[in-house]
Amino acid sequence: MTIGVLFYITSLILYIYKLHRQRLRAAYERDFWDGARYTIAAIWDAHGWLWHGYEIEGLENLPVDSPALIVYYHGAIPIDIYYFVAKTLILKNRLIHTVADNFLFNIPGWPIIAEALKVIPGTVQTCTSILRENNMLAIAPGGVYEAQFGDAFYHVLWRKRLGFAKVALEAKVPIIPIFTQNLREAFRSVSWGRKYWLKIYQWCKLPIVPIYGGFPVKLKTVVGKPIEYDQTLSPEELRNKVASAIEDLIKKHQQVPGSILRALIQRFWNFDNRAKNE
């Protein structure tokens, strides 16, 4: 079985190289990490296409050569951001910096991934600095809490977090909302014992709720229209405006409650899945 798996991995890598060889060759001639980044991006892009039929709608809403703060809904596992960053690097030739929770940086093997792919813990100061250097930065205000305690109804669980709004206002950049259809049908956190898991989380702030899934459902990331910088807005007002934009994307592109079976069918039949909240 191991030999067979290695053969298929070899085949996959060769197909990826055949499809992206020009970009990979150019990348290896530039920055120290560029070749590795494009190789990794090609592998993740292939996985997204094979396992989830992954695609992006509205990629033209991302800036070509200017900074922007990308705000996204956090799934049980943010698999969509891995695919999104990979495809953006390949198609737009821009690496999106991302903010991750502090606990990840204690996992063996993670530091080198963070170094190569520009993943940071993310304070207001460091995020602002990255944006001022003309980069794009992605953040999920809901963080681990939204990942662990969100459900198939796709409620936005940001509580009172304002950090991302302060960053956007201080750096004077637009905010681009994005949402991935069927994200919670790919991976889900268990629903039983919710109040007990919540008490444990409030104590340790770690992702302790069990997760299941890996289902090959259809995933499509929708990139919304930019919310331009407006100096008259307070952080609270900007947060509410962005939350409303995310909720509008969910309402338009996600039927709730989400269904794993329906999401699987969408791999083959793209029926109208607009949510109708009555």
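FYI, it's all coordinate maths here, none of it is from the lab. Note that the coordinates shown come from a computational prediction; the quantities given were computed from them, not determined experimentally. Quick reminder, even Gly has a Cβ in these numbers, built from the backbone with ideal geometry, and neighbours come from all protein chains shown.
Where does each of HIS20, HIS74, HIS155 land when they are ranked from fewest to most other beta-carbon atoms within 10 angstrom? Could you put the intermediate results ahead of the total?
On the way: HIS20 19, HIS74 24, HIS155 15.
Placing the least packed residue first, the sequence is HIS155, HIS20, HIS74.
Given VAL167, ASN270, ILE112, which one lies farthest toward the positive end of the charge dipole of the chain, if we put +1 on the Cβ of every Lys and Arg and -1 on the Cβ of every Asp and Glu?
So the residue furthest toward the plus end is ASN270.
For THR180, THR98, THR126, what's the fewest-to-most ordering of other Cβ within 10 Å of each Cβ?
THR126, THR98, THR180
Once a ≥ b ≥ c are taken as the square roots of the eigenvalues of the Cα gyration tensor of region 90-138, is the result rounded (a/c under 1.5), prolate (a/b larger than b/c) or oblate (a/b not larger than b/c)? If you can, show how the numbers build up before the last one.
Values: a/c = 2.74, a/b = 1.29, b/c = 2.12.
Cα axes put region 90-138 in the oblate bin.
Which one, ALA243, THR221, LEU198, is farthest towards the positive end of the dipole of the chain when Lys and Arg carry +1 and Asp and Glu -1 on their Cβ?
Value computed over the given set: LEU198.
Note the full-extension length gain between TYR229 and LEU19 as 0.36 nm times their separation in residues minus their Cα-Cα distance, in nm to one decimal.
Full extension of this stretch gives 71.8 nm more.
Mind checking the dipole of region 19-168: about its Cα centre, +1 per Lys or Arg Cβ, -1 per Asp or Glu Cβ, Debye to the nearest 20?
That gives region 19-168 a dipole magnitude of about 260 debye.
Ordered by packing density, taken as the mean number of other Cβ atoms within 10 Å over each peptide's residues, highest first, how do 81-91, 111-121, 247-257, 228-238 rank? Don't skip to the answer; put the middle values down first.
Details: 81-91: 21.7, 111-121: 14.9, 247-257: 17.9, 228-238: 12.3.
The densest-packed peptide leads the list: 81-91, 247-257, 111-121, 228-238.
Beyond 22 Å between alpha-carbons counts as too far, so tell me which of LYS218/LYS251; LYS160/LYS199; LYS118/LYS251; LYS92/LYS251; LYS92/LYS225; LYS87/LYS218 fall in that bin.
With Cα atoms farther than 22 Å apart: LYS118/LYS251; LYS92/LYS251.
Among the aspartates and glutamates, which fall within straight-line cross-link reach of LYS172, defined as a Cα-Cα distance under 18 Å, with same-chain neighbours fewer than 8 residues apart omitted?
List returned: ASP65, GLU133, GLU228, ASP230, GLU236, GLU237.
222 nm [θ] for the chain, helices only, -39500 (n - 2.57) per DSSP H run of 4+, per residue, to 500?
-15000 deg cm²/dmol
For region 59-265, give the magnitude of the charge dipole about the Cα centre (Cβ charges: +1 Lys/Arg, -1 Asp/Glu; no others), in debye to the nearest 20. Present the calculation step by step, with values, prior to reporting the outcome.
Details: 24 positive and 16 negative charges, 104 e Å.
Using only the charged Cβ atoms, the result is roughly 500 debye.
For an R0 of 30 angstrom, estimate the FRET efficiency from the Cβ-Cβ distance between GLU237 and SER66 and round to the nearest 0.05.
Details: r = 23 Å, r/R0 = 0.78.
It comes out at approximately 0.80.
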